[in-house]
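For reference, the structure is listed below as structure tokens.
Bear in mind that the values in this text are calculations on the coordinates, not laboratory data. Because the structure is a prediction, the values reported are computed rather than measured. Virtual Cβ from ideal backbone geometry, glycine too; neighbours counted across all protein chains shown.
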Amino acid sequence: MKFVSAIAAVSLCALSVGMASAQSTHLRIQTHYTPESVSGELASQFVDDVQVMSNGEITIEMFYASSVVKTVEAFDAAATGILDCDMTGGAYQTGKNPAFQFVGDIMGGYDTPYQQLSWLYHGGGYDAAQSLYNAFDMQLVGWWIYGQESLASSKPIAGPDDLKDWKFRSPPGLETEIFAELGAKPIVMDFTEIFTALETGIIDGADASGIANNVGLGLYDIVKHANYPGFHSMPSDHLACNKAVWDGMPEHHRRIMDTAMQKLALQTALTFEKANAEAAAQLAADGVTIYDWSAEDRAAFRTAAQKAWQGWADKTPEARAIVDSHMEYLATLGLVAE
């Protein structure tokens, strides 16, 4: 009986120690995607992966469709503790430092999500980006990239010559400079104004999203020209967390978050590769003209883009460091404009 009692005591002690050592992390994260969107569903799977892999030690409260603060404010909300993490993208933060352009939307850079992710994990990108995020009390956890965006147009967009005097909706910043260099007339307007502007002819086209998302938005119900595969823009959505919160998490929790992000990155790229291909095929069948730019035409855009990069790189030391890192890695991949 004493032996059995001893075993019971040891077991109880071990259970108590296990309970005492169990740690919990609760994260409040905001994404700009709706829960019904493809990206929103992928984000939901990320939440489930983290909670299951951590055996419930990590719980995530996900706020979809920018329901707590505006999309552009999510980064600051996380940095100041209103949220714990931001799941939008670095390109929204170029006002803080132009370097964020080159961790948010590296226009005219990589051809595929896999190449872009390769820079982050194997081209020195993670360290370069991390120093930028840390300067604003944030920790970059990882990226999820849905692939090249496609344009929507009421006119042919078969190559660079068609961009001359082409009026299109553009986000502010680097993109306007690149397209203006090629003769286009970018017009900065809010995303919600695209549809009326296309219908009334204020613009000839729009830069909105990937071709599958553009279909979902109904852009090709209005205009009948598109390009695919895309070439000009491939945003990196990120997961970035309050650095104090991140540093306070136990190592195994941080490792679980990193692993789940890398799965999210792969599944996002794979999911949209299929969805975009299916969307392009359906559009072609429905009478929308699809343009696949030649290697030479893509190189012309890349040349203009990388010229604009240098002007932005000169704005801050951080921008210069990240642009130089990209240029070195792009050379390794054979993607530097000649």
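Show the residues, 5+ positions off or on another chain, whose built amide H is closer than 5 Å to the amide H of Tyr291.
Excluding prolines and chain starts, which carry no amide H, the hits are Ala226, Asn227, Tyr228.
Just how large is the dipole of the chain about the Cα centre, in debye to the nearest 20, putting +1 at every Lys and Arg Cβ and -1 at every Asp and Glu Cβ?
Taking the Cα centre of the chain as origin, the dipole is about 640 debye.
Using Cα atoms only, what is the angle between the long axis of helix 2-21 and the major principal axis of the chain, expressed in degrees (0 to 90) to the nearest 10?
Roughly 30 degrees between the two axes.
Which cross-chain or sequence-distant (5 or more) residues have an amide H under 5 Å from the amide H of Val141, H modelled 1.01 Å from N in plane?
Leu239, Ala240, Cys241
Please name which of Ser209, Val68, Leu174 has its Cα lying farthest along the dipole of the chain towards the positive end, using unit charges on Cβ (Lys, Arg +1; Asp, Glu -1) and the Cα centre as origin.
Checking the options against the dipole of the chain, the answer is Val68.
Rounded to whole Å, give me the distance from the Cα center of region 158-197 to that of region 204-269.
Here the answer is 22 Å between Cα centres.
Report the residues of region 40-68 in range of a label on Arg255: point 7 Å along Cα→C-beta, backbone N strictly under 13 Å from it.
So the set is 54.
With unit charges on the beta carbon (Lys/Arg positive, Asp/Glu negative), name the residue among Leu266, Asn227, Ala244 whose Cα is farthest towards the positive pole of the charge dipole of region 220-305.
Ala244
In degrees from 0 to 90, rounded to the nearest 10, what is the angle of the helix 295-313 Cα long axis to the longest principal axis of the chain?
70
Among 133-145, 254-266, 94-106, how do they line up by average Cβ neighbours within 10 Å per residue, starting with the highest?
Ranked from most to least packed, the peptides come out as 94-106, 133-145, 254-266.
Counting each DSSP H run of 4 or more residues in the chain as -39500 (n - 2.57), what helix-only mean residue ellipticity at 222 nm follows after dividing by all residues, to the nearest 500 deg cm²/dmol?
It comes out at -15500 deg cm²/dmol, rounded to the nearest 500.
Compute the label zone of Glu199 within region 219-254: residues whose backbone N is under 11 Å from the point 7 Å along Cα-to-Cβ.
Output list for this probe position: 222.
Enumerate the lysines that Lys185 could reach by cross-link, defined here as Cα to Cα under 30 Å, with residues fewer than 8 away along the same chain left out.
Lys70, Lys96, Lys155, Lys164, Lys167, Lys224, Lys307, Lys315
I want to check the label-to-label distance for Asp48 and His26. Put each point 7 Å from Cα in the C-beta direction and report it in nm to one decimal.
Going by the 7 Å Cα→Cβ label model, 2.3 nm.
Could you work out how much longer the chain between Ala158 and Thr34 gets when fully extended? Use 0.36 nm per residue separation minus the Cα distance between them, nm to one decimal.
Details: separation 124, 0.36 × 124 = 44.64 nm, distance 3.28 nm.
Stretched out fully, the Ala158 to Thr34 stretch lengthens by 41.4 nm.
Among Trp312, Thr88, Ala331, flag the residue with its Cα farthest along the positive direction of the charge dipole of region 24-338, charges on Cβ as +1 for Lys/Arg and -1 for Asp/Glu.
Trp312
Using Cα pairs under 8 angstrom and six or more residues apart, how large is the relative contact order of region 220-321, in percent?
44
In whole Hz, with x marking every Gly and Pro, tabulate ³J(HN,Hα) for region 217-228 from phi via Karplus 6.51 cos²θ - 1.76 cosθ + 1.60, θ = phi - 60°.
Karplus-based 3J(HN,Hα) across region 217-228 equals 6, x, 5, 7, 7, 9, 10, 10, 10, 8, 10, 6 Hz.
Could you state the angle between the C-alpha long axis of helix 113-122 and the longest principal axis of the C-alpha atoms of the chain, as a value from 0 to 90 degrees rounded to the nearest 10?
50
Would you pull out the residues with amide H under 5 Å of Phe63's amide H, same chain only if 5 or more places away, H placed 1.01 Å from N?
Ile29, Gln30, Thr31
Pop a pseudo-label 7 angstrom from the Cα along the beta-carbon direction at both Lys274 and Glu328 and give the gap in nm to one decimal.
For Lys274 paired with Glu328, the spin-label model returns 3.8 nm.
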